[in-house]
Amino acid sequence: MSSTLDWANLFEEEAPRLLRFLRRFGPRVSPEDITQDAFTKLVGANVEEIASPRAYLAATARNLALNDIRRQTNAKTEAHADIETIAPAYTADPEAQLIAAEEAAAADAAMSALAPHLKQALLLHLVEGLTQPEVAQRMGVSRRTIQRYITEALAQLHLALADPEL
C-alpha cells in the first residue's frame, strides 16, 4: 500500500484540515509544526497496517498537540537569574568576596521577606524540583494558585534584588 499511497495528494488534501483543527488549540501549539510532525510519523509508520491515513493523521496531530500543552503546563518556571549571580564562584580578591557576601545577604533577606506560602511554593518547585501539580498537591491548593504563587515570588525577588533599598 505504501507504494500506492499518493503522498502529495494526501498532504494536499489533509494538511489544510489538520491546520484548521489544530488552530482550535490556540496559541500554545504550532499548527504547522504539529502537522509536519504528524505527516512525518505517518511516513515512518507501516502504512499497510493503517486502515485510514486520514484518521491516523488526525489522532496523531491531536496527541501531539495535547502533549505540547501538557509539557508547557508541567514545565518548570524558569528563574530570572542564573545561580551564578546569586552564589558566585570563590575568589581570592577580598573586594569580590565582600561583594559576593553582600549579594548573598541580599538574596537571603529577599527570600526571608517572602510570605511563607510563596517561599514554600518556590522552594518546592525550584529547589526540590517538584512539578507545579506536585507542589499544588503537597500544599493543598490548585495548580493555577501555585503558578500565581511562583510568579509572585519570582517577581518579588527580582524587585528586591534589582534595588535592595525598595
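Things to note:
- Square roots of 5 times each gyration tensor eigenvalue, C-alpha, region 7-74, largest first, Å: 21, 13, 9
- Derived scalar couplings ³J(HN,Hα) [region 123-137; Karplus, 6.51 cos²θ - 1.76 cosθ + 1.60; whole Hz; x for Gly, Pro]: 5, 4, 7, 7, 8, 7, x, 6, 6, 4, x, 5, 5, 4, 5
- Cα centroid separation - region 1-71 against region 105-141, whole Å: 40
- Here region 83-162 is assigned +1 on the Cβ of each Lys and Arg and -1 on the Cβ of each Asp and Glu. Its dipole about the Cα centre then comes out at about 680 debye.
- Karplus-derived 3J(HN,Hα) values for region 11-19, using 6.51 cos²θ - 1.76 cosθ + 1.60 with θ = phi - 60°, are 5, 4, 7, 8, 4, x, 5, 5, 4 Hz; glycine and proline are entered as x.
- Evaluated at q = 0.14, 0.16, 0.25 Å⁻¹, a Debye calculation over the C-alpha positions of region 83-162 (equal weights, vacuum) places log10 I(q)/I(0) at -0.53, -0.64, -1.11.
- Per DSSP, loop trypsin sites (Lys or Arg not before Pro) in region 1-74 with at most 15 further Cβ within 10 Å: R24
- Between the listed residues A105, A162, L130, the Cα displaced farthest toward the positive end of the dipole of region 83-162, a dipole computed from Cβ unit charges relative to the Cα centre, is found at L130.
Throughout, read-outs are computed from the coordinates displayed, never taken from laboratory work. Since the structure is predicted, the reported quantities are computational estimates derived from the model, not experimental observations. Quick reminder, even Gly has a Cβ in these numbers, built from the backbone with ideal geometry, and neighbours come from all protein chains shown.
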